[in-house]
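As structure tokens, the structure follows; a few thoughts come after it.
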Amino acid sequence: MHGDVRAQTVAYALLLRRLDPYLDVSSLLDGFDDPAAIAHAQEVLDAADIESVCALYASDDKDPAVYFYEQFARFYDPASARGRGTLYTPPQLVSCIVRGVDWLLRERIGVTLDDALVVDPCCGVGTFLRHIELQTEHRPKMIGVELMPAACRIARCLLREAEVLEANWLSDVPIDARGRVVAIVGNPPYSGRSANPCFDKLSMLGALMGEYRDGLRERNPKWLQDDYVKFIRMAQHQIERAGRGVVAFVTNHSYLFNPTFRAMRRSLARAFDAIYVLDLGGNVKRLDKLDENVFPIQMGVAISFFVRIAGSADSEVRYASIRGTRREKLSKLASLEPRSVTWTDAAPAEPFHIFVPQDSGLREEFYGFASLFEIFGEHTMGFVTSQDSFAIAFTKQEVLSRMGVLRFGQCAGSSSPLRMEADATRKRTEPRTPETACLPDLEDCHVEDEIIEVLYRPFDRRWAWYSRQSMERPRLPFMRNLMRQNLALAIGRAGQVTGSDEWDVVFVTDRPADLNLFRRGGAKLFPRYVYKGDQRISNMRVGGDHDELFAYIYALLHSRAYRERYAELLAADYPRIPMPQDERVIPKLAELGRRLMDVHLMRGFRPHPYPPRSGEGEARPHPSPPHGGEGGCSITIGGYREPEKCLNDRSGVDTQETAEAVRAAVARTLETRAEIDEMVTQNPPWRRA
Ligand SMILES: C[S@@+](CC[C@H](N)C(=O)[O-])C[C@H]1O[C@@H](n2cnc3c(N)ncnc32)[C@H](O)[C@@H]1O
């Protein structure tokens with residue numbers, strides 16, 4: 001056995017013996033022949049105030065033998081604990097999940113929990129299985145699967161009946177159900193950056209995951225790499241193989257509504273006859289103080305029960321949610337009977353097959369409006385540098401001096417960090433031949449012409465060496481459309497990912513913009529014009545006055561009434577644009593839209609931090625802002641709270657006057673939005689006679 005695993009198990013064995021002198025821990029101590037080390041550890045433990053520790057766990061209804069391991073693992077080997085997503089399930093959740101499984105087995109499959117084979121595919125030291133053994137009357141056959149050897153050995157010691165396999169659940173662990181119905185329960189690891197990467201389509205898991213990627217256009221659906229998604233996929237596979245059964249997991253809840261998971265939702269709906277989702281919310285980024293997480297994590301979570309009887313083409317998806325503080329949620333879950341919950345039919349529908357109930361009338365209305373992709377001909381995602389610290393700077397001079405370093409080797413030659421960064425970027429972005437891989441070819445290009453101002457974050461313009469050499473995806477030649485006189489709407493999809501209270505992923509730009517213009521990335525640019533040679537042509541494909549329509553869209557997307565009405569749909573998709581029946585509405589809103597664009601482009605503010613570029617016409621002078629830019633006005637744009645974000649990021653860079661201009665722009669935004677709201681409320685563009 002690996003020395004570290006042995007030390008870990010021996011230390012935990014001594015702790016367990018201190019907690020419960022009657023617990024037989026001999027299997028954990030077996031073969032460890034260092035009496036001095038044991039005596040020393042024992043001495044430390046004897047001196048510890050174990051009674052207080054136990055009282056602390058008891059106050060949370062936690063079994064210290066199990067739950068102390070979570071702290072122990074994190075302290076002992078933080079990297080593995082983090083990498084393997086070790087986060088133990090509060091007992092209130094465990095008991096609720098077990099009651100739910102028992103109910104669904106009886107109600108939907110007609111067997112009892114005692115007749116089932118219960119599998120926990122990520123059992124840790126046995127949270128779920130020990131609960132069943134000690135806290136319920138049920139005596140099913142049980143198997144725990146655990147990757148970490150120390151946790152595995154401790155689980156074997158703590159569990160009386162269950163078998164514990166040291167294995168990787170994602171490598172297709174053979175489960176011999178021997179005719180029993182299978183119930184897979186547990187809390188899959190929390191690790192967005194999966195410790196089980198699976199890019200190999202030929203592997204078992206890779207092939208299974210293909211179904212969750214089916215039809216997705218996203219280049220890199222990284223959310224699907226999260227371990228919980230793979231655990232669900234493997235559990236689905238095991239139940240399909242067994243024929244009948246239940247999966248009950250507590251996981252990240254993003255898979256319920258995020259568009260990237262639409263193929264996953266379709267696949268689950270095909271494989272299972274009934275799906276019950278108890279959404280526990282708690283997304284910290286939603287800034288909702290009244291809705292806390294039951295785990296000490298940022299993303300919201302849900303308990304999901306998937307029931308397969310025979311596998312149907314049309315599964316029912318039922319949804320319920322619990323909101324509140326952590327304490328309120330746990331106390332509710334402690335006694336909650338899933339069979340008594342008032343479940344709502346989520347009725348998932350195309351195009352996203354969302355597992356959260358939506359107003360079907362509104363959905364029809366929303367999808368009846370024009371999509372941005374119908375209105376605009378060409379579009380692109382924002383640029384990606386993959387190395388902002390190299391490609392982006394606050395001033396042109398800074399970029400130039402970095403290039404000076406590269407061109408003339410002014411500092412530290414080939415080992416200069418900048419030079420190495422540049423090399424790394426170039427190797428990644430453009431694999432070159434050994435002859436062309438060296439830097440001196442920079443001298444051949446007119447690199448200084450490639451230094452331009454870009455929109456980096458809302459109100460935050462910076463300078464970039466805009467080239468394939470310095471960026472991973474400059475999205476040339478498309479972005480050249482935005483290096484000439486032009487405007488583009490920057491719009492994100494699935495607004496709820498930014499964590500703001502309302503949809504807010506819209507901004508305007510007159511130059512190339514960063515993909516991460518918004519907090520969780522995903523800024524797509526819809527330009528007003530595209531250039532064909534020297535010819536500038538409208539990029540809008542619908543009838544009417546295009547300038548007016550462009551500004552109308554901008555105003556509409558800032559209207560609170562619009563954002564609130566279509567909130568659920570905007571949470572998953574790009575906005576759609578209603579065309580008002582009353583022809584006076586577009587010009588009126590367009591006027592406000594133009595004003596808002598001017599504010600966001602920082603035109604006309606005094607002092608002028610960002611003067612318009614030549615050929616753009618005169619900036620409209622702006623009246624002085626309300627409150628003189630003071631008074632703590634703030635808004636969120638793309639999940640960033642402004643002006644705080646901009647002022648923090650640029651602190652020490654801008655003058656006081658420039659900072660005032662950003663504050664003024666925010667104040668002006670609020671004022672203009674109030675006017676937009678009033679107009680939209682009086683003349684809703686979606687109203688039909
Ligand atoms: C979130 S913890 C859950 C622990 C415990 N079952 C509970 O609910 O309190 C996830 C557990 O999964 C284990 N794990 C991570 N990846 C695994 C894999 N590929 N196969 C099996 N277990 C894994 C971790 O070591 C950790 O013990």
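On the basis of the beta-carbon distance and an R0 of 45 Å, Leu290 and Lys396 show a calculated FRET efficiency of 0.45.
Panel order for Thr260, Thr344, by other beta carbons found within 10 Å of each beta carbon, from fewest to most: Thr344, Thr260. Remark: the chain is approximated by an ellipsoid whose semi-axes, taken from the C-alpha gyration tensor as √(5λ), come to 51, 32, 24 Å, largest first.
Between the residues Ser386, Ser371, Ala81, the greatest Cα displacement towards the positive end of the dipole of the chain, with unit charges on the Cβ of Lys, Arg, Asp and Glu, is found for Ser371. Against the chain, whose longest principal axis comes from its Cα atoms, helix 91-104 is set at around 80 degrees.
For Arg327 and Asp34, a Förster radius of 35 Å and the Cβ-Cβ distance give a FRET efficiency of 0.20, rounded to the nearest 0.05. Listed here are the pairs Lys62/Lys329; Lys230/Lys329; Lys62/Lys332; which of them are more than 23 Å apart at the Cα? Over 23 Å Cα-Cα: Lys230/Lys329. Report, to the nearest 10°, how far helix 656-682 tilts away from the longest principal axis of the Cα atoms in the chain, using its own Cα long axis and a range of 0 to 90°. Taking Cα atoms only, the helix is inclined about 80 degrees.
Overall, segment 74-357 carries a charge dipole of about 540 debye about its Cα centre when +1 sits on the Cβ of Lys and Arg and -1 on the Cβ of Asp and Glu, all other atoms neutral. Each Lys and Arg Cβ is given +1 and each Asp and Glu Cβ -1; about its Cα centre, the chain then shows a dipole of about 1360 debye. For the chain, the longest principal axis of the alpha carbon atoms and the long axis of helix 585-600 meet at an angle near 80°. Looking at the chain alone, DSSP beta bridges between its own residues are antiparallel in about 65 percent of cases. Our estimate of slack between Leu670 and Arg584, defined as 0.36 nm per intervening residue step minus the Cα-Cα distance, is 28.6 nm.
Roughly how many nanometres apart are two label points built 7 Å out from the Cα toward the Cβ at Gln71 and Val53? About 0.7 nm separates the two model spin labels. Summed over qualifying helices (DSSP H, 4 residues or more, each -39500 (n - 2.57)) and divided by its residue number, the chain shows a 222 nm mean residue ellipticity of -11000 deg cm²/dmol.
Toward the positive end of the charge dipole of the chain, about the Cα centre and with charges on Cβ (Lys, Arg +1; Asp, Glu -1), which of Leu23, Ile38, Tyr456 goes farthest? Among Leu23, Ile38, Tyr456, the one farthest towards the positive end of the dipole of the chain is Tyr456. Rounded to the nearest 0.05, the FRET efficiency derived from the C-beta distance between Leu362 and Leu134 at R0 = 56 Å is 0.70.
Set the Cα radius of gyration of segment 208-279 against 2.2 N^0.38 Å, with N its number of residues, and you get 1.05. Out of every Cα-Cα pair that segment 450-582 contains, those further apart than 18 angstrom amount to 58 percent.
Rounded to the nearest 20 debye, the dipole size of segment 232-330 about its Cα centre is 200 debye, using +1 on the Cβ of Lys and Arg and -1 on the Cβ of Asp and Glu. For segment 74-357, the ratio of Cα radius of gyration to the globular rule of thumb 2.2 N^0.38 Å stands at 0.93.
One decimal place: the segment Asp545-Lys222 gains 112.3 nm when fully extended, by the rule 0.36 nm per residue minus the C-alpha distance. Stretching the chain fully between Ala79 and Ser171 yields a gain of 30.9 nm (0.36 nm per residue, less the alpha carbon separation).
Taken together, the values in this text are just the output of simple stated rules run on the coordinates, not laboratory data. As the structure is a prediction and not an experimental result, all values here were calculated from the model. Cβ: placed from backbone, ideal geometry, glycine included. Neighbour counts: every protein chain shown.
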